[in-house]
Amino acid sequence: MAAAESSDIVIVGAGIAGLSLALGLAQQGMKVTIIEAGSQPSAPPRVSDLAGWDARVSALTPSSTAWLAERGVWQEMERHRVGPYTDMAVWDGAGTGRIAFSAESLEVPLLGHIVENRVTVQALLKKIDEQNNIRVHWEDSLEAADFSQHDAVTMETHQGRHLTTALLVGADGAKSRTRDLAGFAVRTWSYHQHAIVATVRLTEEHKKTCYQAFLDTGPLALLPLSDSRLCSIVWSLDDHQWEPLQSLDDDAFMAQLNLALASNGLAVEAIGRRGVFPLRQCHAVDYVHQGVALVGDAAHSIHPLAGQGINLGLKDVAVLSEEVGRAWQQGVALGSERTLRRYQRRRKTDNLLMMSAMEAFKRGFGSTHPAIRVARNMGLSWTDAATPLKNWLARQALT
């Protein structure tokens, strides 16, 4: 048997959360190994048409971009394409309720950025390549793990690698293999919706505005990209509605999309390739055990209607990196439950509050009951008129 490969930290998953955590830990001097089941992603293509844009995007808050900038990642992302947004417009498709937010009213330069996921991943990989203490094993996956030793976790991968580490981190998404092997209890349920995603070109400029319509079928978001007429759409549809819509040809799909947007004066004239994925909520009862921790979607996944999933994940990464870094500096075992519990205490309440808010939005705006429709329209209009409250709500989304 080959000798085990030893690292201070092993991270399962090379998505945005896993790569960000690896970089944050390695920059503090720790030796990190990443295991990723997928192949190494290629660089984003040069944009010549809609097909060159990634349909999966993230709405990054100023706090998220600041953390990435501290690690030299955001500067690389800005060299490619990032879409700043300064305004948000939200309306109820079944009524007259509307609310608008602006950076100007908050006296800030912008509200956030819309960034293609692959642009973020490539920038992270470039910074990781500059580190000599990070190793990435592509096209490999976690097969088995032994948590019985007090100060080490040993594991075997699908490719036959034997690894040992003080701390194993699951950053491997909502269907986390790490979480399952470590025996974490999970609460999960389906939203009974699928999200259709695509890049679209508007007939007019998007004016750096995020648009969110709450429709009878589910929420529809248009997220402004760096091109002044391109947006990424995320259309969440109930289970019995998404498949007939997804099966339409592009012209018929755009006709339905434009019908949904008509009340706000928006119109789409071209669309790229469409993707679809199921929507589920998942929350681990605990984020940590001795020698193992969960971050991002492996710990919690939420409805995409507010685009907060990746920001919650990056907050997890920032706090875990800080707590493990403190243990590293003090010579404390990196996988000690005491260290990891501090991470859990700092993150679980915040995540639960956001998940509860998203569930309330989903249920409230998904209801067709006449009384609830009237109440939510009045609530939107009242909040829009109550400037201090509206600005307070907007500031919560900046952190």
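For the range 297-336, filtering for residues that are of a type in the set (Val, Ile, Thr), touching a strand residue (DSSP E or B) at 6+ places or on another chain (Cβ under 9 Å) and not in a helix (DSSP H, G or I) leaves 1. Residue check, Gln131 against (1) free of Cβ contacts under 8 Å to residues at least 40 places away in the same chain; (2) more than 28 Å from Gly52 (Cβ to Cβ), all met but one. Which one? Evaluating Gln131 over (1) free of Cβ contacts under 8 Å to residues at least 40 places away in the same chain; (2) more than 28 Å from Gly52 (Cβ to Cβ) leaves (1) as the failure.
Here Ala174 clears all of (1) modelled with pLDDT of 95 or more; (2) within 27 Å of Leu340 (Cβ to Cβ); (3) open to solvent by 30 Å² or more (accessible area, probe 1.4 Å); (4) in contact with a helix residue (DSSP H, G or I) (Cβ under 6 Å, 6 or more places away or on another chain) except the condition numbered (1). Reported count of residues in the range 123-138, each being part of a helix (DSSP H, G or I) and surrounded by 18 or more Cβ atoms within 10 Å (Cβ to Cβ), is 5.
Which of the residues belonging to the range 229-242 are touching a Leu at 6+ places or on another chain (Cβ under 9 Å) and either open to solvent by 20 Å² or more (accessible area, probe 1.4 Å) or farther than 22 Å from Asp87 by Cα (or both)? Of everything in the range 229-242, those that are touching a Leu at 6+ places or on another chain (Cβ under 9 Å) and either open to solvent by 20 Å² or more (accessible area, probe 1.4 Å) or farther than 22 Å from Asp87 by Cα (or both) turn out to be Arg229, Val234, Leu237. Please enumerate the residues belonging to the range 177-205 that are in contact with a helix residue (DSSP H, G or I) (Cβ under 6 Å, 6 or more places away or on another chain) and over 30 Å from Asp216 (Cβ atoms). Answer for the range 177-205, where residues must be in contact with a helix residue (DSSP H, G or I) (Cβ under 6 Å, 6 or more places away or on another chain) and over 30 Å from Asp216 (Cβ atoms): just Arg179. All conditions but one from (1) closer than 27 Å to Lys315 by Cα; (2) crowded, with 22+ Cβ neighbours inside 10 Å; (3) touching a Cys at 6+ places or on another chain (Cβ under 7 Å); (4) not hydroxyl-bearing (Ser, Thr, Tyr) apply to Val169; the one that does not is (3). Here the condition is being crowded, with 16+ Cβ neighbours inside 10 Å and under 28 Å from Ile114 (Cβ atoms); of Leu314, Leu340, Leu352, it holds for Leu314 alone. Among the criteria (1) surrounded by fewer than 19 Cβ atoms within 10 Å (Cβ to Cβ); (2) on the phi < 0 side of the Ramachandran plot; (3) not basic (Lys, Arg), the one Phe184 does not fulfil is (1).
Of all residues in the range 259-301, those being touching a Leu at 6+ places or on another chain (Cβ under 7 Å), among the small types (Gly, Ala, Ser) and under 30 Å from Ser7 (Cβ atoms) number 3. Checked against (1) part of a helix (DSSP H, G or I); (2) basic (Lys, Arg); (3) over 27 Å from Ser236 (Cβ atoms), Arg118 passes all but a single condition, namely (3). Applying the set (1) in contact (Cβ under 8 Å) with a residue 12 or more places away in the chain; (2) exposed (fewer than 15 other Cβ atoms within 10 Å of the Cβ); (3) among the small types (Gly, Ala, Ser) to Ser141 leaves exactly one unmet item: (2).
The values are calculated or read from the model by the stated rules, or taken from the named source; none is laboratory data. Quantities reported herein were computed from a predicted structural model and do not represent experimental measurements. Counting neighbours? That spans all protein chains shown, and the Cβs are built from the backbone with ideal geometry, glycine included. Please note that ligands, DNA and RNA were not included when accessible areas were found on the heavy atoms of the full protein model with its side chains. Shrake-Rupley method; radii C 1.70, N 1.55, O 1.52, S 1.80 Å.
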